[in-house]
Amino acid sequence: MFNGMGLITGLIIGAIAGWLAGKFMNNEGSLLRNIILGVVGGFVGNLILGLVGIHGTGIIGNLIVGVIGSCIVIFAGQKLLK
């Protein structure tokens, strides 16, 4: 079943996570880029942290996992582009 509110919440958390990761990694981008980065980062963060048994729950937990994953994605992108 489609949960529109969950989608909106996920996009907002993704945008914030992408923005925070951009600030931490000194990487500026547009709002759309931050949303995409945050959503991809959330997936990457959940995948990597899940492998070691760490799971984020709630808004704050998902935000932390998203920021960590987004930082990993930014780092990998910077290394690939150099």
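Nothing in this text is a laboratory measurement; each read-out follows from the coordinates by a stated rule. Because the structure is predicted, anything quoted here is derived from the model rather than measured. No Cβ is skipped: glycine too gets one built from the backbone with ideal geometry, and neighbour counts run over all protein chains shown.
Here the simple spin-label model places points 7 Å from the Cα toward Cβ, and for F43 and Q78 these points are separated by 2.3 nm. Quick note on the chain: its Rg to Rh ratio, both from C-alpha atoms and Rh being the Kirkwood radius, is 0.99. Entry note, the chain: relative contact order of 34 percent, from Cα contacts under 8 Å with a spacing of 6+ residues.
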